[in-house]
Amino acid sequence: MLSALIRPLTTLYLELHRDPELSGREERTAARFAGALEAEGYAVAHGIGGHGVAGVLRSGDGPTVLLRAELDALPVRETTGLPYASEGGAAHACGHDLHLAAAAGTAALLARAPGSWRGTLVVVGQPAEETLEGARAMLEDGLYERVGRPDAVLAQHAAPLPAGMVAHGYGPMTAGSVTFRIVVHGRGGHAGAPHLTVDPVVTAAHVVTRLQTVVAREAAPSEQVAVTVGSFRAGERANVVPDRAELGVTVRAAGEAALTRAAAAVERIVRAECAASDCPREPEVVRVGSSPVTHPDPTTTAAVREAHAAEFGAERVAMWPPSLATEDFGLFGDAGRELHGADGVRLAYWMLGVIGPAAWSAAPGATAAQKLAVLPANHAPDFAPDVRTALPAGVRALRAAALSCLGSPR
């Protein structure tokens, strides 16, 4: 049955890839995904938490299983050279177009075989994952009230592994994060009279330097923590001392306790450096975004992993170490209970290989680690899944996982 779907699914993938939309602007993407679900008989709700969509299909009594895929693209100019490459300043450089097409294919296969499972299947297209806003927005907009509290939430993510291979982790899969907007206030003036100013550029530079000690001296060597100053803006002219400097800082950690400590250290260092410089005003330290650590449920992960081993062969099911990439997927589970009021929502999350056999063989290196070091990774402008091999594998992986969590036919 999958072979009959490959052509329309590939067409959907190519449409999504050519026409990417940035976070919060996914109107056309949402319409295409919703249309694919409606064509298979799903009852679809639109506009959840922005452009989010959710399709619901019931097949008797049984568990409620939610499949999540993401709608948004990245502000990246694609350099793949593919005939279907996107143009302009946006690209699906993280594989969300593949996730959507695989979810649509899984939705179609399960809709066409209602006798193979029991329960309620919910297929969600989530907006604004890249900005870590979409899951929160959908849940605050009553996603679980609209579709029912799920027993399990499943998601897969494209990774530069060979297509037809999946990888699971036990423990954290992706890091938690906190993003700060920091404004250091100084007293501007003439570059020829620096003694009459309080230079926020110097203060902010000391902040940047001192923040490097958070990982080096405040995190244990066994902890995975990263502190990144991603933006530094100050001044317009070389002969003017500005009155403010602005920093964008992201803290990531594979454990909630380490994340809390590192984020507190960032705030402490900013305030201390401003005090040391005698800044005329307290700094603005604003948490503009956050995401929880993604902790898949061990029991559900074991069930999905077993289903993948049966589907692909045990040799094509690998382990995945904790990553400092971030996701808002964890909010669909217990980390988001304040948003949705549900406890015990089990999560399963795995990596899906997307590199075609020719590209994998051609990549220099004798080991998988050496090849992964040179192959285009997620968010790179030349990241390009091999749709001919990765899309069928994505459908098979998601379908097998869904069936492992749905009820068996009587």
Matching residues in the range 221-241 - criterion: being within 27 Å of the chain's Cα centre (by Cα), over 13 Å from Val184 (Cα atoms) and free of Cβ contacts under 8 Å to residues at least 24 places away in the same chain: Pro221, Ser222, Val229, Gly230, Ser231
Flag if Val166 is open to solvent by less than 10 Å² (accessible area, probe 1.4 Å) and either at pLDDT below 95 or among the hydrophobic types (A, V, I, L, M, F, W, C) (or both): yes
Selected residue [outside any helix (DSSP H, G or I), farther than 26 Å from Met138 by Cβ and either modelled with pLDDT of 95 or more or open to solvent by less than 20 Å² (accessible area, probe 1.4 Å) (or both)] from Ala380, Ala366: Ala380
Qualifying positions in the range 230-286 - of a type in the set (S, T, N, Q), open to solvent by 70 Å² or more (accessible area, probe 1.4 Å) and more than 25 Å from Ser177 (Cα to Cα): Asn239
Those residues of the range 345-370 which are small (Gly, Ala, Ser) and either over 17 Å from Thr64 (Cα atoms) or free of Cβ contacts under 8 Å to residues at least 12 places away in the same chain (or both), in sequence order: Gly353, Gly356, Ala358, Ala359, Ser361, Ala362, Ala363, Gly365, Ala366, Ala368, Ala369
Pairs where the first residue, in the range 146-158, is assigned to a loop (DSSP other than H, G, I, E, B) and the second is surrounded by 24 or more Cβ atoms within 10 Å (Cβ to Cβ), C-beta under 6 Å, 6+ apart: Pro150/Leu66
Scope the range 53-77; condition surrounded by fewer than 19 Cβ atoms within 10 Å (Cβ to Cβ), out of contact with any Leu (no Cβ under 7 Å at 6 or more places or on another chain) and not acidic (Asp, Glu); matching residues: Arg58, Gly60, Arg77
The range 1-52, residues that are open to solvent by 40 Å² or more (accessible area, probe 1.4 Å), assigned to a loop (DSSP other than H, G, I, E, B) and of a type in the set (S, T, N, Q): none
Cross-chain or 6+ apart pairs with Cβ under 8 Å, the range 74-95 first and closer than 11 Å to Ala384 by Cβ and touching a residue at least 60 places away in the same chain (Cβ under 8 Å), then open to solvent by less than 20 Å² (accessible area, probe 1.4 Å) and among the hydroxyl-bearing types (Ser, Thr, Tyr): Glu78/Ser86; His92/Ser86
Qualifying residue in the range 335-350 (condition: among the aromatic types (Phe, Trp, Tyr), part of a helix (DSSP H, G or I) and under 25 Å from the mean Cα position of the chain (by Cα)): no
Which numbered condition Pro409 fails, given (1) assigned to a loop (DSSP other than H, G, I, E, B); (2) open to solvent by less than 60 Å² (accessible area, probe 1.4 Å); (3) touching a residue at least 12 places away in the same chain (Cβ under 8 Å): (2)
Options Val122, Val76; residue that is over 20 Å from Leu375 (Cβ atoms) and either out of contact with any helix residue (DSSP H, G or I) (no Cβ under 9 Å at 6 or more places or on another chain) or not in a helix (DSSP H, G or I) (or both): Val122
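The values are calculated or read from the model by the stated rules, or taken from the named source; none is laboratory data. What you are looking at is a predicted structure, and each value in this text was computed from that prediction instead of being measured. All Cβ positions, even for glycine, are placed from backbone atoms using ideal geometry, and neighbour counts span all protein chains on display. Remember, those area values only see protein heavy atoms, side chains included, never the ligands or the DNA or RNA. Shrake-Rupley method; radii C 1.70, N 1.55, O 1.52, S 1.80 Å.
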